[in-house]
Amino acid sequence: MSDDQDEIILSELDDDELVQQMFDDLYDGLKEEIEEAVNILLERKWEPYRVLTEALVGGMTIVGQDFRDGILFVPEVLLAANAMKGGMAILKPLLAETGAPRVGGMVIGTVKGDIHDIGKNLVGMMMEGAGFEVEDIGINNSVEGYLEAIEEHKPEILGMSALLTTTMPYMKVVIDTMVEQGIRDDYIVLVGGAPLNEEFGKAIGADAYCRDAAVAVETAKEFVARKHNQAAV
Ligand code: B12
């Protein structure tokens with residue numbers, strides 16, 4: 001972090017400068033500054049979704065690149081994630097307050113061995129905004145954890161997130177267990193996370209892979225509508 005940080009008055013920056021400053025502040029893990037900047041953009045009538053994608057996810061992408069290249073390490077990335085969560089907490093109620101009618105239910109969680117939760121949280125927020133009732137079961141979920149949650153909440157959709165190449169195969173363990181128990185077809189299974197792709201989603205027997213939260217919402221709506229139509233026939 002540079003020493004002149006204190007001299008920057010966020011509200012005096014224009015939108016482009018402010019977003020650039022947010023990239024820097026996210027990189028430096030400055031939660032309060034991120035929260036202030038999110039509020040400024042909202043006051044300037046930015047849509048919450050635009051703040052989320054252009055400023056926060058945009059900033060996190062830079063953090064991700066430098067983490068990959070060995071420029072940033074876990075402690076710094078944790079601080080950045082914490083700052084991101086501060087911004088997301090402000091946006092969450094706004095994204096959820098769209099007044100959309102209830103479309104369906106979703107249980108969502110990150111798989112066993114994996115503690116990444118920013119993407120999952122974002123999907124949960126966007127799904128709530130679209131009218132889904134979301135039960136977030138957190139990180140590091142075992143097969144039993146997923147099965148108990150779907151048994152309890154009876155959602156239309158089960159969502160699994162994995163950010164590591166070492167944890168993504170666990171999604172297949174969950175789906176295979178659902179098949180063994182004869183409950184696979186009772187649920188729409190959506191999977192996501194940076195290392196996944198459509199081919200992987202198909203190979204493990206998921207209904208769909210979604211590359212981001214917006215696609216997750218569209219896909220979920222489509223599948224739920226299809227399911228309800230089938231039920232009506
Ligand atoms: C932040 C971060 C961390 C933070 C996590 C903090 C937190 N609370 O989440 C911390 C520092 C803890 C961390 C730890 C580690 N990390 Co990390 N991390 C990241 C980083 C930089 C960003 C991830 C992120 O939040 N992205 C922003 C969100 C918005 O994007 P997203 O997660 O992809 O989610 C979107 C979509 O994928 C999709 N989606 C996601 N989930 C779901 C679920 C459903 C159902 C659907 C439909 C869609 C969906 O929608 C989301 C929103 O649009 C990535 C880099 C990257 N490029 O992804 C590395 C990365 C994932 N981490 C990596 C590694 C190696 C690790 C560690 C092993 C490092 C270490 N040596 O300890 C540990 C593992 C800890 C563990 N057991 O889980 C590697 C993984 C490499 C690999 N091939 O497996 C990456 C890719 C970095 C890299 N290039 O090296 N990490």
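The values are calculated or read from the model by the stated rules, or taken from the named source; none is laboratory data. The structure presented is a predicted model; accordingly, all values stated were derived computationally and were not measured. Every residue, glycine as well, gets a Cβ built from its backbone with ideal geometry; the counts of neighbours run over all protein chains shown. SASA here: full protein model, heavy atoms, side chains in, ligands and nucleic acids out. Shrake-Rupley method; radii C 1.70, N 1.55, O 1.52, S 1.80 Å.
Taking residue 221 as the residue in question, decide whether it is part of a helix (DSSP H, G or I) and within 26 Å of residue 166 (Cα to Cα).
Working: part of a helix (DSSP H, G or I): yes; within 26 Å of residue 166 (Cα to Cα): no.
Criteria not met by residue 221.
For segment 125-140, give me the residue count where each residue is in contact with a strand residue (DSSP E or B) (Cβ under 7 Å, 6 or more places away or on another chain) and either β-branched (Val, Ile, Thr) or part of a loop (DSSP other than H, G, I, E, B) (or both). Full working, then the answer.
Taking segment 125-140 and keeping what is in contact with a strand residue (DSSP E or B) (Cβ under 7 Å, 6 or more places away or on another chain), we get 127-128, 132-140.
Pick out the ones that are also either β-branched (Val, Ile, Thr) or part of a loop (DSSP other than H, G, I, E, B) (or both) and you get 134, 137-140.
Summing the residues that are in contact with a strand residue (DSSP E or B) (Cβ under 7 Å, 6 or more places away or on another chain) and either β-branched (Val, Ile, Thr) or part of a loop (DSSP other than H, G, I, E, B) (or both) in segment 125-140 gives 5.
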The residue that is most open to solvent (accessible area, probe 1.4 Å), considering only those in segment 151-169 that are within 19 Å of the chain's Cα centre (by Cα) and closer than 13 Å to residue 187 by Cβ, is 156
With the condition kept exactly as written, say whether any residue in segment 187-198 is farther than 30 Å from residue 94 by Cβ, of a type in the set (A, V, I, L, M, F, W, C) and either part of a strand (DSSP E or B) or in contact (Cβ under 8 Å) with a residue 24 or more places away in the chain (or both).
-> no
Mind listing whichever residues of segment 36-83 are open to solvent by 50 Å² or more (accessible area, probe 1.4 Å) and among the charged types (D, E, K, R)?
-> 36, 43, 44, 45, 47, 50, 54, 68, 69, 76
Near pairs, Cβ below 8 angstrom, 6+ apart or cross-chain, from segment 159-171 (in the same structural domain as residue 114 (by TED's automatic domain parsing)) to any residue that is more than 6 Å from the ligand (Cβ to nearest atom) and of a type in the set (Asp, Glu) = none
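Consider residue 133 carefully, then state whether it is under 26 Å from residue 88 (Cα atoms), open to solvent by 30 Å² or more (accessible area, probe 1.4 Å) and more than 12 Å from the ligand (Cβ to nearest atom).
On the way: under 26 Å from residue 88 (Cα atoms): yes; open to solvent by 30 Å² or more (accessible area, probe 1.4 Å): yes; more than 12 Å from the ligand (Cβ to nearest atom): yes.
For residue 133, the condition - under 26 Å from residue 88 (Cα atoms), open to solvent by 30 Å² or more (accessible area, probe 1.4 Å) and more than 12 Å from the ligand (Cβ to nearest atom) - is met.
Would it be correct to say that residue 63 is over 21 Å from residue 33 (Cβ atoms), within 10 Å of the ligand (Cβ to nearest atom) and among the hydrophobic types (A, V, I, L, M, F, W, C)? Give the steps one after another, and end with the answer.
Details: over 21 Å from residue 33 (Cβ atoms): no; within 10 Å of the ligand (Cβ to nearest atom): yes; among the hydrophobic types (A, V, I, L, M, F, W, C): yes.
Taking the combined requirement at face value, the residue does not satisfy it.
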Cβ pairs under 8 Å, 6+ apart, first in segment 215-233 and more than 21 Å from residue 53 (Cβ to Cβ), second among the acidic types (Asp, Glu) and open to solvent by less than 50 Å² (accessible area, probe 1.4 Å) | 223/156; 224/156; 227/156
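In the set 212, 186, which member is of a type in the set (D, E, K, R) and at pLDDT 95 or above? Walk me through how you get there before you give the answer.
Working: 212 fails: at pLDDT 95 or above.
Of the residues listed, the single one that is of a type in the set (D, E, K, R) and at pLDDT 95 or above is 186.
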